[in-house]
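Visitor: Submitted below is the structure of interest, expressed as structure tokens.
Please treat every number below as a calculation from the coordinates, not as lab data. All of these numbers come straight from a predicted model, not from anything done at the bench. Note: ideal-geometry Cβ built from the backbone for every residue, glycine included; neighbour counts use all protein chains shown.
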Amino acid sequence: MELIMAVGIGIVTACAVYLLLRGRTFPMVLGLSMLSTAGNLFIFSMGRLRPGAPPIVAAGTESYADPVPQALVLTAIVIGFGMTGFVMALAVRMYHQTGSDHVDGFEPVPERRPEQGP
Amino acid sequence: MTLPIIILLPLLAGTAATLLLRHRGFSAAAWAAALPTAASLALLADQAPGILAGEQFLRTWRWLPDHGLNFSFRLDGLGLMFGFLILGIGLLVILYARYYLSPHDRIGRFYALLMLFMSAMLGIVFSENALLLLMFWELTSLSSFLLIGFWTHSPLARQGARMAFAVTGGGGLALLAGILIIGNIAGSFELSAWFTARETIRNHPHFNVALGLVLVGAFTKSAQFPFHFWLPAAMAAPTPVSAYLHSATMVKAGVFLLARLYPLLGGNLVFEYVTTTVGLTTMVFGAYVAMFRHDLKGLLAYSTISHLGLIMFLLGLDTSMSSLAAVFHVGNHATFKASLFMAAGIIDHECGTRDMRRLGNLWRQMPQTTVLAIVAASAMAGVPLFNGFLSKEMFFAEALDLHDLLLLEDIAPVAVMLGSMFSVAYSVRFIHDVFFDKPYNLPHQPHKPPRYMKVPAEILAVVCIAVGVLPGYTVVPFVDAAARAVVGDDLPAYRIALWNGFSPPLVMSAIALGGGSVIYWLLRHRYDLHLHVPAHYTGRLLFQHAYDGFIGVAGRLTNWMENGSLQRYLALVIAVFLGLGAWPFMEYGLDMGEVMPSTPAPPGVIVWGAAMVGALGAVRFHHTRVVAVVLAGVVGLAASIAFAYFSAPDLSLTQLAVEVVTTLLLLMALALLPHPTPPESTRRRKARDGALAVAAGAGVAMLSWAVLTRDQESIAWFFLENSLPLGGGHNVVNVLLVDFRGFDTFGEIIVLGIAAMCTWMLLDGLRGEGPVETPSFAANRMIFAVAARVLLAFALLVALHMFLLGHDLPGGGFVAGLIAALALIMQYMGEGLRRMLAHVRIDFRLWIGGGVVIAGLTGLASVVAGLPFLTSGTLHPVVPLLGEIPLVSAMGFDLGVFIAVLGTTLLTLTSLGQVHRKPSMTEEDGQWNS
């Protein structure tokens, strides 16, 4: 379980970073949102993976998952939404203002013929 | 208290008054500068009798004692002599400048800068704390920069100012490093502590490094070879500045520093060798070059370099008489050189040129100036009856009396002779070329200089004679006190007098005078000096090369990094972080921990597979934006399931709710942005980004793997044990949020609120007008609206449930807020967002503010009760239907969180939902609306 978790976080991070480096605002914001998910999973996994042991105190229960990373990640998830909203608003505003949704604020002049994408 | 007043008077009163009075004419500004200076001088004079009697004052005011920096001041013989020079010559320069500057010059600025410099210089000579001294030291470099560049329109002035600042400022940095090293060894930055710890410091292995750094500081400031080149370049300054800063005071700061530190450095062999060698080289070199300068000020500049070298040489020698000669010559040089500069300024002012090849025969037009220039030049050459003669005699005596200096012992007498003859030669040239030789193509007929412009130079000339004839009645007490401050009280019996009987120094003086005159005659008549073309200034050229090189490299680096592409910046940032992250792996390697990982459960693998498909698919299909949004959503949902599986129900709920609102948000934005994404990345760009992405992913995966396979030590047990007794709740995550880490949460909802406000403000002006279509995502809005209405009540009930029970079971303000927001937003979408908002007129910003205020007030309630902020009290009433409700005061706080989160989510979504499409967008672009 630990292995696929670690690999999974890695793959999501890689995909997020790739999207983050795109030139248009929308994929970039998508990458940012995905990166927060990866980051949250990473921080959460710092408390180790313990199935079936929610940190809700009950008599007779001895095994609990670590509540500290959970509390940290909970607010991070919500803040992540606030951030995505803000960056998205920035992108929309920039598009209205400059007429381009390129992160640089203007349409790039292609140096070379781009590959044919999907 | 006197010393700070002496320093601060010019700084505060002087600068303020000159700036205030600058519109009242030149004289008013000059008076405004002169009066504070005179007041400082009077205060200093008041202290003089005590100091001359051998007293010394130390005063300390604490400033930053933890860093060793204090307002500590010291007044002793050395400081007294320098203080008199700074203030006395300063006063004369103020008078001189009033007539020198032209009506176009900004006189207020000039005097203000001069006052600033004066204060800084006084600060240097009165500082007891080395760091304080350094501060003033750099302030002199700075004010010198501004004064050299006073004529900002002149490229030469700007270049000279830059050069002076780079060299002296750079030297100041070296000095700072040296001071820090010595201060570290001594454990204090007070000079007296250094002197007490003299042996400890000198035996420390780092002492030689510190010594070298301090010497670099002193040599750059005092224009010693090979750092001398900034001084001739600084001659682009107005002449009063040259007279004051670049002959009488600032260039003496390096000498002063070494004299001040003499009790620490004196007698050290390295110090002695380096200082004497550098001083002697500078002396001969400067004097030689000075003979060939055609510019009056250029000649004086190199002559100054030469004399500074002489003083440096004397100071380096390990005898107390040489130190006495050094401080004596400091005073003598200041007087005759300042008056020579003033004479040069008068000549320039009245003839329009400083070129000695063109000047000539001026004794007819300016007899008085001629006389005072002859007096000062004679002092410079070392002619008997003038002050320069006395100190030069002592210099000769010292040079003949060297011992234990190996090679230098043989070279020094010859070098000294040569330097002195050159010195005589350029002095003769100054007088002969300007006042007696034939003029050539003068710009205009020389005027008579204004009466008072000559007064300062005359006063200085009188001082030269008075000291030269009657040293015992004029300067000897001051020189004696200054020398005692340098070398202590072990000064042998000595006598400074005009006539010391026939002695080798007297013979040397005679040879120098005769030989120097012959050299000039030969140069003028056999070599034809006026046709000499000065060689390129090598030091200056090297500096310029280095300077241009640095600027060039910095420019190219900046251009490469800052090409305006945000993508490149981000790639660089990521690359840097990758490097930093890889560092520990390089050092410690990657090894798995000791805990065996568990086997993946089949359902887990399925969810994992879905997430991977989502993430990779989002990358693969990111050009088709709506597909990418959906695929990215899969990742979020998988994360939610992972949270649930690994015992984090709160996170699972929050993630689920956030995933839904985020997807909504992205889809709304999609309608407002053009799409699909055009394919524009080159193959190379894709490869670069791919490499960065893979490296980042691999790094994070390895880090997670390394952690997940290791045992855990956590602070969790404290919270698990105390959640119920202290926080009154079973759900530890919630208790952490609203109680243990309540302050943190308080900050987070504020941040959240700010983000939402920013979103709202960013979209200001884009709302309302233009084509706007509320996204409904439903083929039939009617059905959607009905369904939403039915769901509303149910969803709100769930939210309430989550909220009330959050302290004991999964839930809480965050989740409840998100669910309620979702229910309401669905309602809006069903009804049509704009119509709905027009009807209801709710200001969500007030909700955010209200939520924060409620949370804050709850926290404050405990303060009123005398407990720390956000301490909670508990009550567990049993309510019919709901069962036992954990009623804690933290619930008030959670209510605040709930309202703030609700407001935030709704504000973010509705602001985006109200934005009209950009008019230029085609119908095709907006197709996702329908």
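Visitor: Quick one: grab Rg to one decimal and Dmax as a whole number for the range B:238-326, Cα atoms only, in Å.
Guide: My reading of the Cα-based Rg and Dmax gives 13.8, 42 Å.
Visitor: Further question on the same structure: Ignoring the sites themselves, what is the longest stretch of chain B with no trypsin sites (Lys or Arg not before Pro) in a DSSP loop and at most 10 other beta-carbon atoms within 10 Å?
Guide: It runs B:1-363.
Visitor: Using a 10 Å Cβ count of at most 12 others and DSSP loop calls, identify the longest part of chain B lacking such GluC sites (Glu not before Pro).
Guide: B:1-561
Visitor: Helix A:25-45: angle to the longest alpha-carbon principal axis of chain A, degrees 0 to 90, nearest 10?
Guide: 20 degrees
Visitor: So which aspartates and glutamates pass the test for B:LYS438, namely a Cα distance under 19 Å, with those fewer than 8 places away in the same chain ruled out?
Guide: Partners within reach: B:ASP295, B:ASP348, B:GLU350, B:ASP355, B:ASP528.
Visitor: Now for a different question. Using 0.36 nm per residue, how much length does the chain from B:LEU542 to B:ILE783 gain when fully extended, once their Cα-Cα distance is taken away?
Guide: Here the segment from B:LEU542 to B:ILE783 would lengthen by 78.5 nm.
Visitor: Near B:MET761, within a Cβ-to-Cβ distance under 12 Å, what is the net charge of the other residues, with Lys and Arg +1 and Asp and Glu -1?
Guide: Residues close to B:MET761 contribute a combined charge of +2.
Visitor: Also, quick follow-up: Hey, with R₀ at 22 Å, roughly what FRET efficiency would A:GLN97 and B:ILE754 work out to, going by the Cβ-Cβ distance, to 0.05?
Guide: 0.50
Visitor: Sticking with this one: So what's the back-of-envelope 222 nm ellipticity for chain B, counting only DSSP H runs of four-plus at -39500 (n - 2.57) apiece and dividing by all residues, rounded to 500?
Guide: -23000 deg cm²/dmol
Visitor: How much length is gained on full extension from B:ASP66 to B:PHE502, taking 0.36 nm per residue of separation minus their Cα-Cα distance?
Guide: The span from B:ASP66 to B:PHE502 would gain 151.1 nm if fully extended.
Visitor: What lysines could a cross-link reach from B:LYS454, if we take a straight Cα to Cα line under 18 Å and drop same-chain neighbours fewer than 8 places away?
Guide: Of all the lysines, those that pass the test against B:LYS454 - Cα under 18 Å, at least 8 places apart if same chain - are B:LYS297, B:LYS337.
Visitor: When every alpha-carbon pair in the protein assembly as shown is counted, what percent end up more than 47 Å apart?
Guide: 52 percent
Visitor: To continue, here is another question. Once you place label points 7 Å from the Cα toward the Cβ at B:SER154 and B:ASP410, how far apart are they in nm?
Guide: According to this spin-label approximation, the distance is 4.7 nm.
Visitor: Which FRET efficiency, nearest 0.05, do B:ALA582 and B:PHE743 yield, Cβ-Cβ r, R0 25 Å?
Guide: Efficiency, from the Cβ-Cβ distance: 0.10.
Visitor: Based on Cβ point charges of +1 for Lys and Arg and -1 for Asp and Glu, what charge dipole magnitude is obtained for the range B:1-157 about its Cα centre, in debye rounded to the nearest 20?
Guide: Dipole of the range B:1-157, to the nearest 20 debye: 520 debye.
Visitor: So if R0 is 56 Å, what FRET efficiency would B:ASP105 and B:ASN184 give, r being the distance between their Cβ atoms, rounded to the nearest 0.05?
Guide: Efficiency at R0 = 56 Å is approximately 0.75.
Visitor: What length, rounded to one decimal in nm, is gained on full extension from B:TYR452 through to B:GLU594, with 0.36 nm per residue of separation minus their alpha-carbon distance?
Guide: That works out to 42.0 nm of additional length.
Visitor: Can you list residues whose amide H is under 5 Å from B:SER72's amide H, if they're 5+ apart or on another chain and H is modeled 1.01 Å from N?
Guide: Under 5 Å from the amide H of B:SER72 lie the amide H atoms of B:TRP61, B:GLU128, B:ASN129, each far enough along the sequence or on another chain.
Visitor: Lys and Arg at +1, Asp and Glu at -1: add these up for the other residues within a Cβ distance under 15 Å of A:ILE77 and post the number.
Guide: Surrounding charge for A:ILE77 is -4.
Visitor: Which whole number gives the average, over all residues in B:562-575, of C-beta atoms from other chains lying within 10 Å of the residue C-beta?
Guide: 3
Visitor: Summarise the partner chain shielding of B:683-694 as one whole number: the mean count of Cβ atoms from other chains within 10 Å of each residue's Cβ.
Guide: The shielding value for this peptide is 4.
Visitor: Could you check the spin-label model distance between B:ASP711 and B:ASN203? Points 7 Å from the Cα along Cα→Cβ, value in nm.
Guide: 5.1 nm
Visitor: Once you place label points 7 Å from the Cα toward the Cβ at B:TRP560 and B:PHE869, how far apart are they in nm?
Guide: Output for this residue pair reads 4.8 nm.
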